[in-house]
Structure formats: structure tokens, C-alpha cells
Amino acid sequence: MPLRHLLLIAVGGAVGTSVRWLTTDLSAAEHHVTAILILNVIGSALVGLMAGAGFGPGTVRSNLVWPLVAIGFSGGLTTYATFAVQVASRLDTDRTTAGLSLSFVTVVATLFAAGTAFSFGRSRFP
């Protein structure tokens, strides 16, 4: 991997992580789960849009944009670890229904966002 790609990933990741931190820091504690869900959906949609628009890995268009936006920014913006801890904490405190519901909603919403954005990107940016 070229050094410029690593630098783009680092810059994008720093910005995405900062946006995630600011979003969760500014949201009330009782809304952290919702904030993380929204960020994960936005990041999934962004990667889906880019892939559908031809910026996916191995494409000519992906040279600089994919490492910066998809891997770096979206990778920093989204967080599987926080989602996993949110689910695990619910399962551990006998809130099984809440934990399973959060898992289901997150997986369905992120897949739907990525798939819909991919289709949109493919149709709008052939």
C-alpha cells in the first residue's frame, strides 16, 4: 500500500473519529445508543454510495477517494465496538429484549442504508 494511502486513511480516520466523538459528547447520555446507531447508518450509506458510484476498491476512481472517505472517514465515524458493548451491557443486565432489538435494528438499518445507497450510486454515477 502506498504511503499516500496510509496518510489519507489516517486523515480521514481522524476526522471521522472526531465527528463521532463530538456527536456522542454533545448528545445526552440517554441518547448515546441512538447517536451511535445513526452514525453507523450514515457511515454504511456513505460506503455503499461510494462503492455503487464506482469508487470501490480496485476501481480507477478509488485511487485517493476510497482510502480517505470509505476506509478513513467512514471507518472512524462508525463503531462496531461501541455497538457490541451496548448490546452486551443490555444482555448482561437482563434486558435481553432490548439487546436483541438493538442488534436487529442496527444490522437491518445499516444493511438497508448500504444497499440503498449502493443502488442509488450505481444508477446516478455509472
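The values are calculated or read from the model by the stated rules, or taken from the named source; none is laboratory data. Here the structure is a predicted model, which means the values were calculated and not measured. Glycine also receives a Cβ, built like all others from the backbone with ideal geometry; neighbour counts cover every protein chain displayed. Areas reflect the complete protein model, heavy atoms only, side chains present, ligands, DNA and RNA absent. Shrake-Rupley method; radii C 1.70, N 1.55, O 1.52, S 1.80 Å.
Just one of the listed residues (ALA117, ALA88) is surrounded by 13 or more Cβ atoms within 10 Å (Cβ to Cβ) and either among the acidic types (Asp, Glu) or in contact with a helix residue (DSSP H, G or I) (Cβ under 8 Å, 6 or more places away or on another chain) (or both), and it is ALA117. Of PRO57, PRO67, PRO126, all but one fail to be touching a Gly at 6+ places or on another chain (Cβ under 9 Å) and not in a helix (DSSP H, G or I); the exception is PRO126. May I ask you to say which residue of PHE55, PHE73 is touching a Leu at 6+ places or on another chain (Cβ under 9 Å), modelled with pLDDT under 95 and either of a type in the set (Phe, Trp, Tyr) or open to solvent by 60 Å² or more (accessible area, probe 1.4 Å) (or both)? Only one candidate qualifies: PHE55.
Taken over segment 19-30, the criterion of being surrounded by fewer than 13 Cβ atoms within 10 Å (Cβ to Cβ) and part of a helix (DSSP H, G or I) is satisfied by TRP21, LEU22, ASP25, LEU26, ALA29, GLU30. Scanning segment 1-18 for residues that are open to solvent by less than 70 Å² (accessible area, probe 1.4 Å), assigned to a helix (DSSP H, G or I) and not aliphatic (A, V, I, L, M) returns HIS5, GLY12, GLY13, GLY16, THR17, SER18.
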